[in-house]
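Notes follow the structure.
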Amino acid sequence: HEQGVDLSFPYMELNYVTVMRRSGDLPTVPHIACVRSHFYTRAFVEKRYDVGQLIFYDTTQECMAAVSRGDADMTFVNSITAQQDIWSGNFYDLMTNGTVAFSHEISIGVNSEADALLLRI
């Protein structure tokens, strides 16, 4: 409401999976690559990991590159695009186990000054 937007009822749930290197085990205290601007990802990792374990980047591709280089041990990626992100970034050394780490609901934002019928549609 602060931004002048009304939200629709959620129309789908978006799942996130862990992406890590194929080789090697995760350390006891892993470093997590996280996209700075992804609210739900940040909320998830900030509740579960110490601030010293978090490394912030601007994009999902930068996070995956950090995991690939060994600068981070894992990242969390949208399950719908995870495999495409791995292939398109040539991160053949990365994998996901397919287990959903966390989810959030998706809604549509509509300008609060728009016709209320648009929000119901």
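The values are calculated or read from the model by the stated rules, or taken from the named source; none is laboratory data. This structure is a prediction, so every number in the text was calculated from the model and none was measured. Every residue, glycine among them, receives a Cβ derived from its backbone with ideal geometry; neighbour counts consider all protein chains shown. These area figures cover heavy atoms from the full protein model, side chains too; ligands, DNA and RNA do not enter into them. Shrake-Rupley method; radii C 1.70, N 1.55, O 1.52, S 1.80 Å.
Quick notes
- For the range 17-63: rounded, prolate or oblate by the Cα gyration tensor [a/c cutoff 1.5]: oblate
- Anisotropy class assigned to the range 64-121 is prolate, per the alpha carbon gyration tensor with a/c at or over the 1.5 cut-off and a/b larger than b/c.
- Counting all C-alpha pairs of the chain, share separated by more than 24 Å (%): 35 percent
- Structure remark: mean-square fluctuation, Gaussian network model of the chain, C-alpha springs under 10 Å; the largest value among GLN84, GLN53, GLN61 belongs to GLN84.
- Surface composition of the chain: carbon and sulfur make up 52 percent of the accessible area, probe 1.4 Å.
- In order along the range 84-100, the phi-based Karplus estimate (6.51 cos²θ - 1.76 cosθ + 1.60, θ = phi - 60°) of 3J(HN,Hα) comes to 5, 4, 5, 5, 5, x, 6, 9, 5, 8, 9, 8, 10, 8, x, 6, 6 Hz; Gly and Pro are listed as x.
- Acute angle (nearest 10 degrees) that the helix 39-48 long axis makes with the longest principal axis of the chain, alpha-carbon atoms: 50 degrees
- The H on the amide N of ALA72, modeled in the peptide plane, is under 5 Å from the matching H of VAL67, each at least 5 residues off or on a different chain.
- Highest to lowest packing among 5-14, 94-103, scored as the average C-beta count within 10 Å: 94-103, 5-14
- Annotation: per residue accessible area for the range 14-121 equals 59 Å², rounded to a whole number [probe 1.4 Å, protein chains only].
- Using only side-chain charges placed at the Cβ, +1 for Lys and Arg and -1 for Asp and Glu, the dipole size of the range 26-121 relative to its Cα centre rounds to 180 debye.
- Cα long-axis angle, helix 60-69 against the chain (0 to 90 degrees, to the nearest 10): 10 degrees
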